[in-house]
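The values are calculated or read from the model by the stated rules, or taken from the named source; none is laboratory data. The model shown is predicted, which means the values in this text are computed figures rather than measured ones. Counting neighbours? That spans all protein chains shown, and the Cβs are built from the backbone with ideal geometry, glycine included. Areas reflect the complete protein model, heavy atoms only, side chains present, ligands, DNA and RNA absent. Shrake-Rupley method; radii C 1.70, N 1.55, O 1.52, S 1.80 Å.
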Protein chains: 2
Amino acid sequence: MNQDYIIADAWSIIEEGFDKERVKSSESLFSIGNGAMGQRANFEENYSGPTFQGSYIGGVYYPDKTRVGWWKNGYPEYFAKVINAPSWIGIQVFINDEELDLNSCTAVDNYKRELNMKEGWHRRSFEATMPNKMKVAVRATRFLSMALDEVGAIKYEVTPLSGDAKVKFIPYLDSGITNEDTNWDDKFWNTTEVLSEGSQAFIKAHTMKTHFDTCTFMECSLEYDGNKVDQKPEERTEEKWVGHTYTQETAQGKTTVLYKFGGYTVSRNHKPGELVDAAKSVLRQATTAGFEAMLKQQAEAWASIWEMSDITIEGDVKAQQGIRFNIFHLNQTYTGKDSRLNIGPKGFTGEKYGGSTYWDTEAYGLPFYMSTKDQLVARKLLKYRYNHLEKAIENAKKLGFNNGAALYPMVTMNGEECHNEWEITFEEIHRNGAIAYAIYNYYRYTGDYSYIPEMGLEVLIGIARFWHQRASFSEHKQKYVILGVTGPNEYENNVNNNWYTNYIAKWCINYTLEQLQKVKDGYSEDYERITGKTKLSPTETEKWKKVADQMYFPYSEEKGIYLQQDGFLDKELITVADLDKKQRPINQKWSWDRILRSPYIKQADVLQGFYFFEDHFTEEELEKHFDFYEPFTVHESSLSPCVHSIQAAKLDRMEQAYAFYLRTSRLDLDDYNKEVEEGLHITSMAGTWMSIVEGFGGMRIRNDKLSFNPRIPKQWKSYSFKINFRDRILKVHISKERTVLTLDAKEEMSLRLNGQKVVLQPGTATEV
Amino acid sequence: MNQDYIIADAWSIIEEGFDKERVKSSESLFSIGNGAMGQRANFEENYSGPTFQGSYIGGVYYPDKTRVGWWKNGYPEYFAKVINAPSWIGIQVFINDEELDLNSCTAVDNYKRELNMKEGWHRRSFEATMPNKMKVAVRATRFLSMALDEVGAIKYEVTPLSGDAKVKFIPYLDSGITNEDTNWDDKFWNTTEVLSEGSQAFIKAHTMKTHFDTCTFMECSLEYDGNKVDQKPEERTEEKWVGHTYTQETAQGKTTVLYKFGGYTVSRNHKPGELVDAAKSVLRQATTAGFEAMLKQQAEAWASIWEMSDITIEGDVKAQQGIRFNIFHLNQTYTGKDSRLNIGPKGFTGEKYGGSTYWDTEAYGLPFYMSTKDQLVARKLLKYRYNHLEKAIENAKKLGFNNGAALYPMVTMNGEECHNEWEITFEEIHRNGAIAYAIYNYYRYTGDYSYIPEMGLEVLIGIARFWHQRASFSEHKQKYVILGVTGPNEYENNVNNNWYTNYIAKWCINYTLEQLQKVKDGYSEDYERITGKTKLSPTETEKWKKVADQMYFPYSEEKGIYLQQDGFLDKELITVADLDKKQRPINQKWSWDRILRSPYIKQADVLQGFYFFEDHFTEEELEKHFDFYEPFTVHESSLSPCVHSIQAAKLDRMEQAYAFYLRTSRLDLDDYNKEVEEGLHITSMAGTWMSIVEGFGGMRIRNDKLSFNPRIPKQWKSYSFKINFRDRILKVHISKERTVLTLDAKEEMSLRLNGQKVVLQPGTATEV
């Protein structure tokens, strides 16, 4: 926990005071990104203390060797590393020929960092006393342009405080970088050309194996005391490095500024031979506009994002800061512009996990993007999986399935399975269920059925085939069972009859059968095309149905609850409350062996099923299961608190719901899991959004209509959010006294509020 | 399968004809060793075709990084690699300045290899036609001396057949070697000195991290047409290589011979500074004796091994060859001279698995060494574990146990856990049981109780403490359960209540309680010392007893069998007979995922328990369990057929017993599991011995007395074996008609034969 370190502020993330121990965690928290690229908040000037350098380009990865002791059939062939890209932000700073390095300064005063979420920029300012006794004030402002997403900009200001000084800047590009998580210090980049042309420089490099060609570029200019300085820099090129030296005699109290524009052009978007030209073109646009105009444009771009996606909370600045931090990072990670990209679990803030797409996207990410963006963005996320269907069928084949059964990967970059840890990911086949659920969820929310006959039905058929083949008949139980799986709770591996998995498997088959009928009835051409292509016959669907109808669910008659898996009740059922606090988090304190046989749950498992399928269960059932499972849940997955917050709210346990909300929204800000150094938990941030909109707001779609059941934590005066529901923009403002609904649409809309029908008129606020 | 490739012969392993595809597998099969070192049967001359080079020194290993995707607490900190040592066998051979390389010869005629097991040497002979059209006859004889175990010798004979020729030999030492299984081509050796002195050469190198210092050495001499040639070789030294060039003009039909003595001196046995001197000293002994005298000595050493350990089989040369191959390799691997060594699963024949000690030693190896050697050898194997008790306690601590609970490692070199594959080894805690069982077995066989008060009781206490803590109470079952384990059947991972594990856990506790009482009664000083040291109290042992008394065992009332683990009956119970043969071996054809949820058993699991504790069960129970489990057993572990052979013999199913016997004894010779290239299955070879002595011979120890219940496969005329039982040598000869028992002892001895008491007189044969 890191509580009270980040200064509470409605719109900014702020730290004050320089603490070497906090550098790596702040590098994560203050990360910036623009959907196409992103970077940890590393210092521009050199820093010799502990740091975790990271700059990432969307969709650029390296297929590293999967680390297992002993290869076995069906293991993923590689681990797709989120690859640390060549760095363009570096500026060596010398004051009277001594290098500025915060790690060696004798004093660092008035250190302040701000991540301004409203306008999308990062600033660091401080006064440093150097070993040579020089004291200088520094202010460095940086952003990655949302408008021009190949470029970022830095304004680096130095003001000598203790006397006149020679200020020397060496902005540089560096492709001699590695990943923190390389297996054996392997290099992932091959540098092919280092170019320096006047105030511009370029490094061409490509990733090994995957051969993503990139050009990393920069262009700099100097300003002294408010005036542009025309200085041709000294150029120095090395094998994987290029730097430009600018020198400025600077009077005490006067400011020398280095402007640096930099970024990447990539072969994903340009022809490999044209990367330098493309870089020059984007630099021309950026330098023509200039830093201040670009910064203004940045604020405007963010204003339009916030206009639609902001959530306000009145009376609780920490809660307010938390939700905005989450929404900000979600928008930094994925903008929905490029259907080849997805929402990596660490976004552009770290390397851990690898791959860019997990079931997180469907289970947690989709609702946020679906509600706060155009529905085409959500459709892109669905299409991404349709595009990977062939690979999912291949993946299932490798594991021994046939006849078009599809098993989507647990982790992927391009549709291929690419994780690094079989014991958890390998058997988490429940992911297939979330992909089908997202199709259902998309249609439920958007009303856009077209995706199903066009693409979704094929995905559903592949998934239903998988479940049909994966289940096996137990003569003993006279039911279909699913053996050897890992459920959402990753603190259990290779269990039999995980209730969540069995439940979603049955649901997938039934949902697919329904959609087959619906497409047959309404889209006969598509039906013919798809059944022809997939060679689907009624004999086959009959077999599916048998599996769904006779699926086994572990259940305790005595306790009246579904069991997370076979044998769960054999565990030593000591609740988390009775566990010595010193043993927490168990994933840091306990051996894996001990965790596996303990009753402790990493994240919602049975309760995840109750979340997805809440209408299948009564509130009494929910309460019973919540009361049974939550006490064993350690919430050591970032994806856990949000689901629990929503369910606690539904059960009207507002104190608990609020605690879970804080935990999900400030997970990284307050570093609950003591690992924020490694990067942020991006996908769970979408869960935070759900915990307000679905949890407190009680938003549901029922029978094609919106409904709300608002609750408000006692700590808050009011809160508000906006959603885009079928091209109608609805603002919901909830206070202790009333709910105000404002509709921005062409026609009236009816919805249910606390079970009552309400008809909203366009452009007017309705108070209830 | 490789059936009929190796030529059937009672005393030799023979291959005829050169087949490049067979080089790697023959390198395994023809391996030689002398307990202190060993090597794969690599060619002396260079070979550019596919080969797996391997030369190993007992006890010399490298702690390589364990390969896991994601480190978790309790994982072993390193993987102890069996390390490929610098090579001393190499001889470059040039005929008229063209290098001899069987891979590039235009013809290789009359190629023959022989591993003479009776006398302990390896010979390869062939006639090669080289690209330069020269035809030469080559004969290379090699052995590792049993008498002088730091040295080996090679006699390399070349006879030009197609005309006179210049024969050039460059015998060399090479420390620029790697392991086949390095993670990323890491080097494990650091070469510090390369010395050449006349006809001798030395390379000093030490292993990285573990810093085993070694000196690899050679001394050569030349002979032409039967006469010694005094030739000072040309010396050439490189960074990690030294070679000596000898040249001899050789007339057609005349023979030039290179004698090469080589080997290792190691810091495990000498002071690091004295390795070269030690090498010179051993070379002096070897060269003074000369090749032929050394070879004679070798034959004598093996004669004395065979005198005690040979098993004869009349009427079935393949069965005869199989058992001798097993006994030969067991003696090549472990001689019992050095209590710091143990019986690695691949011995000196390959790198796979790593580590030198598995539960194989206690469960399979002990009976062979106990019966065919002095009982002190068996005691050394037990003491090895006593010496590792502190490490076993540390190992348990890392997993969260306390109070002196000991968990022996699944794989070790020095007592520390050092495996590379958590999913299998990690949870195979049943290994602890085999270590306790070996104590019981040792006393049962030798009658030497002294080990228990001296050392064994402490080991037992540590083990009992582990089981007590590892079991947990299930409120649901009102029994103690053991969750999250892998049993002997490694095709199941992380199961609950593996019957074998639960059973041996209960037995360990009860056996420890018995021994505590026995030591208390008979060895009160030891009792005080041990209970003082371990702080053991009656309160604690009461708790153990509760766990043992209330242990849960999965059982099917319906089928009347113990279940391998909870939920076993939920599997699709399709027998191996009904499985498509193309799917075999499943560990090569199926994904791990599919294997885990299948019913297929890699090796005896419940039946392993029935083997260890046969007196606890009736023959009817054995039959029922054998009939249930064997049909699901794929025997893809080398340790499986032997146990099944013993049990089939007990059930008087001699055809089946014989088939299992062939499978265990010729597992490698006939390459049942299609992996002999990687090395031999050494530990299962001890199981082969058991399948004759305990299986067919029906040897048991009951109430301190030997008993036999002989059976004979119908394919055999007779068979015989010898055992050392409490310093009395008993020869057992069994034919279809009768059993002849010959006692070599000072006093008469009574035993039971087919349930009848027989009294044997020293020196006389008793026919029954």
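General observations
- Boolean, A:S598 is of a type in the set (S, T, N, Q), without any contact (Cβ under 8 Å) to a residue 24 or more places away in the chain and within 11 Å of chain B (Cβ to nearest Cβ): no
- Looking across A:V158, A:V68, A:V138, one residue alone is within 14 Å of chain B (Cβ to nearest Cβ), among the aliphatic types (A, V, I, L, M) and over 21 Å from the mean Cα position of the chain (by Cα). It is A:V68.
- Residue check for B:Y156: of a type in the set (S, T, Y) and either within 18 Å of B:Q252 (Cβ to Cβ) or loosely packed, with under 15 Cβ neighbours inside 10 Å (or both): no
For every residue, the table says whether it meets (1) farther than 30 Å from A:V740 by Cβ; (2) open to solvent by less than 50 Å² (accessible area, probe 1.4 Å).
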residue	(1), (2)
A:K254	yes, no
A:G263	yes, yes
A:E274	yes, no
A:D277	yes, no
A:M294	yes, yes
A:E300	no, no
A:E314	no, no
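- Per the listing B:D580, B:D593, the residue uniquely more than 8 Å from chain A (Cβ to nearest Cβ) and among the acidic types (D, E) is B:D580.
- Residues of segment A:41-65 that turn out to be closer than 30 Å to A:H270 by Cα, more than 14 Å from every other protein chain (Cβ to nearest Cβ) and open to solvent by 30 Å² or more (accessible area, probe 1.4 Å), as a count: 1
- So A:H635, is it on the phi > 0 side of the Ramachandran plot and more than 14 Å from chain B (Cβ to nearest Cβ): yes
- Matching residues in segment A:101-133 - criterion: being under 14 Å from A:L161 (Cα atoms) and crowded, with 20+ Cβ neighbours inside 10 Å: A:F126, A:A128, A:M130
- When B:Y259, B:Y264 are checked against the criterion of being within 31 Å of the chain's Cα centre (by Cα) and either within 20 Å of B:G33 (Cβ to Cβ) or small (G, A, S) (or both), a single residue qualifies: B:Y264.
- Matching residues, segment A:279-292, being surrounded by 15 or more Cβ atoms within 10 Å (Cβ to Cβ) and β-branched (V, I, T): A:V282, A:T287
- Selection status of B:W11, among the aromatic types (F, W, Y), open to solvent by 30 Å² or more (accessible area, probe 1.4 Å) and within 14 Å of chain A (Cβ to nearest Cβ): no
- Filter result (among the charged types (D, E, K, R), over 30 Å from A:T141 (Cα atoms) and open to solvent by 30 Å² or more (accessible area, probe 1.4 Å)) within segment A:66-100: A:R67, A:E77
- Subset of segment B:72-93 that is modelled with pLDDT under 85 and on the phi < 0 side of the Ramachandran plot - its residue that is nearest to the chain's Cα centre (by Cα): B:P76
- Filter pass, A:T531 being out of contact with any strand residue (DSSP E or B) (no Cβ under 6 Å at 6 or more places or on another chain) and more than 13 Å from chain B (Cβ to nearest Cβ): yes
- Identity of the residue in segment B:677-692, out of contact with any helix residue (DSSP H, G or I) (no Cβ under 6 Å at 6 or more places or on another chain) and buried (at least 24 other Cβ atoms within 10 Å of the Cβ), that ends up nearest to B:Q321 (Cα to Cα): B:I692
- Test: B:Y78 is in contact with a strand residue (DSSP E or B) (Cβ under 6 Å, 6 or more places away or on another chain) and farther than 17 Å from B:E677 by Cβ: yes
- Scanning segment B:159-177 for residues that are within 27 Å of B:V282 (Cα to Cα) and open to solvent by less than 20 Å² (accessible area, probe 1.4 Å) yields a count of 5.
- Subset of segment B:265-282 (residues that are in a helix (DSSP H, G or I) and of a type in the set (A, V, I, L, M)): B:L275, B:V276, B:A278, B:A279, B:V282
- Count - residues of segment A:495-504 that are within 11 Å of chain B (Cβ to nearest Cβ) and either open to solvent by 10 Å² or more (accessible area, probe 1.4 Å) or within 28 Å of the chain's Cα centre (by Cα) (or both): 2
- Number of the condition not met by A:A36 [criteria: (1) open to solvent by less than 10 Å² (accessible area, probe 1.4 Å); (2) at pLDDT 95 or above; (3) in contact with an Asp or Glu (Cβ under 6 Å, 6 or more places away or on another chain)]: (1)
- Residues (at the interface with chain B (Cβ under 8 Å from one of its Cβ atoms) and either open to solvent by 10 Å² or more (accessible area, probe 1.4 Å) or of a type in the set (A, V, I, L, M, F, W, C) (or both)) located in segment A:450-494: A:S472, A:F473, A:E475, A:H476, A:K477, A:V481, A:L483, A:N494
- In segment A:178-206, the qualifying residues are those that are aliphatic (A, V, I, L, M) and either open to solvent by 30 Å² or more (accessible area, probe 1.4 Å) or in contact (Cβ under 8 Å) with a residue 60 or more places away in the chain (or both), and the one that is farthest from A:G69 (Cα to Cα) is A:L195.
- Filtered residues of segment B:398-430 (kept if of a type outside the set (S, T, N, Q), open to solvent by 10 Å² or more (accessible area, probe 1.4 Å) and more than 10 Å from chain A (Cβ to nearest Cβ)): B:G404, B:M413, B:E416, B:E417
- Helices (runs of 4 or more DSSP H) wholly inside segment A:614-672 containing at least 3 residues that are more than 25 Å from A:T361 (Cβ to Cβ), modelled with pLDDT of 95 or more and open to solvent by 20 Å² or more (accessible area, probe 1.4 Å): A:619-629, A:654-665
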